[in-house]
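Input: a single structure, listed below in structure tokens.
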Amino acid sequence: MSTDRYVSPLSERYASREMQYIFSPDKKFRTWRKLWIALAETEKELGLNITEEQIEELKAHAEDINYDVAKEREKQVRHDVMSHVYAYGVQCPKAKGIIHLGATSCYVGDNTDIILMSEALRLVQKKLVNVIAELAKFAEEQKSQPTLAFTHFQPAQPTTVGKRAALWMQEFVMDLEDLDYVLGSLKLLGSKGTTGTQASFLELFEGDQETIDKIDPMIAEKMGFEACYPVSGQTYSRKTDTRVLNVLAGIAASAHKFSNDIRLLQHLKEVEEPFEKSQIGSSAMAYKRNPMRSERIASLSRYVMIDALNPAVTSATQWFERTLDDSANKRLSVPEGFLAIDGILDLCLNVVDGLVVYPKVIEKRLMSELPFMATENIMMDAVKAGGDRQELHERIRELSMEAGKNVKEKGMDNNLLELIAADPAFNLGLEELQKAMEPARYVGRAKEQVETYLEQVIRPLLEDHKELIGMKSEIKV
């Protein structure tokens with residue numbers, strides 16, 4: 001690790017080595033060479049004077065990149081693509097004259113960007129599916145555990161811990177649907193020349209339109225894609241980057257929501273993220289167990305959500321067939337968006353896999369509020385015992401206000417049941433009232449909703465992606 005210059009924390013602290021390699025120089029330049037081989041093979045197959053010996057020479061040096069030669073050449077010509085064309089040619093003297101034939105820099109630059117984003121999306125897809133799979137296990141385990149639900153972070157009707165997990169899960173599922181769609185729609189730029197008109201190929205193939213029409217489909221197939229974009233300027237539309245980063249921003253928003261809920265629940269001591277045996281929660285307060293993983297999820301998620309503005313603005317401000325004010329921005333915004341979301345999903349997987357639930361704390365808080373929520377049922381029981389519904393409604397309102405005042409102003413426990421039992425209008429004893437305080441009576445269809453959602457949505461989804469399931473995450477700090 002370098003200590004005398006800035007090093008991105010996305011690499012040093014957050015992103016996996018797998019994601020880092022996808023956006024590494026080595027991966028980029030190896031992909032350039034694969035694209036040059038695909039172009040040469042296509043041109044040979046379509047009739048240009050390119051020999052099998054030249055193709056084999058290119059293939060023989062596809063992996064052993066002479067970086068020193070390329071670096072020295074770039075100092076002279078100030079052009080990264082032409083420096084690597086030159087370096088490849090030094091290794092391949094027989095093929096030197098046909099490398100990059102008819103192409104422009106965007107042939108390797110833009111096609112590589114699409115290839116790398118596709119690979120990165122597949123890694124994101126894998127991690128997202130595993131987060132969903134772990135949440136599904138948690139929801140199944142906790143589907144019947146009653147808990148106090150909140151609206152406006154104020155006590156509301158009870159739900160279950162599993163139902164709350166299903167809400168987190170559903171947002172990640174929406175993200176997966178968006179990711180699958182965008183990933184399935186990505187196309188290569190192909191080889192369309194300086195302004196996208198394929199004028200250089202018109203010259204190379206002596207105006208043979210039918211042959212030129214075959215170039216892009218053949219390149220796409222060789223590189224593992226179904227198609228190339230049918231029209232382009234010099235570059236693929238930068239709106240493509242916008243679509244990709246919007247998928248990442250959507251995942252970040254879901255992760256942020258999930259992490260916020262965990263942080264609040266940890267404050268309430270109802271649910272905790274994993275806390276390792278030797279982990280230090282605070283440098284000053286030894287007793288603290290700060291939700292640092294969830295806080296990091298929120299922190300990185302904000303970065304990704306804001307980062308998505310970069311490709312949107314870049315796309316909006318392109319001029320005609322191309323300008324170069326996209327390049328420096330793309331080099332930062334796209335890889336770093338992926339590195340950050342990679343770290344976020346590793347953290348999410350780690351948190352979900354190790355969530356700790358405290359049923360006794362959950363029950364205590366729920367029972368402190370349940371008498372208020374049970375008043376409708378209590379009133380109905382009192383009516384059955386001969387009471388007047390309208391009179392009872394007013395009386396229970398008054399007693400609820402009194403009990404609330406006792407809790408907030410006097411620090412007492414909720415004594416609403418005792419107040420009702422002491423009021424002859426209700427004709428109900430304390431023991432009878434306490435029997436009605438069974439939390440499961442007040443969670444509605446939460447358990448059944450979880451079961452239905454898991455059965456009808458999640459299990460089919462996981463079956464469709466079963467080859468991706470089974471990974472564990474590692475977090476560095």
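Going through segment 220-245 one residue at a time, which ones are under 19 Å from GLU41 (Cα atoms) and touching an Asp or Glu at 6+ places or on another chain (Cβ under 9 Å)? ALA220, LYS222, ALA227, CYS228 - these are the residues of segment 220-245 that are under 19 Å from GLU41 (Cα atoms) and touching an Asp or Glu at 6+ places or on another chain (Cβ under 9 Å).
One line per residue, one yes/no per condition, for (1) modelled with pLDDT of 95 or more; (2) charged (D, E, K, R); (3) surrounded by 14 or more Cβ atoms within 10 Å (Cβ to Cβ):
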residue: SER259; (1), (2), (3): yes, no, yes
residue: HIS267; (1), (2), (3): yes, no, no
residue: GLU273; (1), (2), (3): no, yes, yes
residue: MET285; (1), (2), (3): no, no, no
residue: GLU295; (1), (2), (3): yes, yes, yes
residue: LEU300; (1), (2), (3): yes, no, yes
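Of the residues GLU402, GLU391, the single one that is farther than 29 Å from ALA252 by Cβ, at pLDDT 90 or above and either acidic (Asp, Glu) or not in a strand (DSSP E or B) (or both) is GLU402.
From the set of residues in segment 145-181 that are out of contact with any Ser or Thr (no Cβ under 7 Å at 6 or more places or on another chain) and aromatic (Phe, Trp, Tyr), which is farthest from ASP261 (Cα to Cα)? Selected residue: TYR181. Taking the condition within 30 Å of MET292 (Cα to Cα), outside the structural domain of LEU324 (by TED's automatic domain parsing), surrounded by fewer than 18 Cβ atoms within 10 Å (Cβ to Cβ) and under 33 Å from the mean Cα position of the chain (by Cα), does ARG30 pass? Criteria not met by ARG30. Pairing residues of segment 457-473 that are over 11 Å from LYS127 (Cα atoms) with residues that are of a type in the set (Gly, Ala, Ser), at Cβ distances under 6 Å and at least 6 apart in sequence or on separate chains, gives ILE458/ALA136; LEU462/ALA133. Taken residue by residue, segment 210-219 has no member that is in contact with a strand residue (DSSP E or B) (Cβ under 7 Å, 6 or more places away or on another chain), under 30 Å from PRO291 (Cβ atoms) and in the same structural domain as ALA308 (by TED's automatic domain parsing). Just one residue in the set SER200, SER191 is in a loop (DSSP other than H, G, I, E, B) and touching a Leu at 6+ places or on another chain (Cβ under 9 Å); that residue is SER191. Every listed requirement among (1) outside the structural domain of ASP423 (by TED's automatic domain parsing); (2) surrounded by 15 or more Cβ atoms within 10 Å (Cβ to Cβ); (3) farther than 28 Å from TYR236 by Cα is met by GLY354 save one, (2).
Close Cβ contacts (under 6 Å, 6 or more residues apart or on different chains) running from residues in segment 257-274 that are under 11 Å from VAL351 (Cβ atoms) and in contact (Cβ under 8 Å) with a residue 40 or more places away in the chain to residues that are aromatic (Phe, Trp, Tyr) and crowded, with 22+ Cβ neighbours inside 10 Å comprise PHE258/TRP168. Residue count for segment 64-102 under the criterion of being basic (Lys, Arg), under 24 Å from GLU53 (Cα atoms) and not in a loop (DSSP other than H, G, I, E, B): the result is 1. Can you work out which of the residues in segment 125-172 that are part of a helix (DSSP H, G or I) and of a type in the set (Val, Ile, Thr) is surrounded by the fewest Cβ atoms within 10 Å (Cβ to Cβ)? Among them, the one singled out is ILE132. Selection of segment 423-456 for residues being over 17 Å from ALA165 (Cβ atoms), touching a residue at least 12 places away in the same chain (Cβ under 8 Å) and outside any helix (DSSP H, G or I) yields ASP423, ALA425, PHE426, ASN427, LEU428, ALA436, MET437.
The values are calculated or read from the model by the stated rules, or taken from the named source; none is laboratory data. Worth saying up front: this structure is predicted, and the values here are computed from it rather than measured. All Cβ positions, glycine included, derive from the backbone under ideal geometry; neighbour counts span all protein chains shown.
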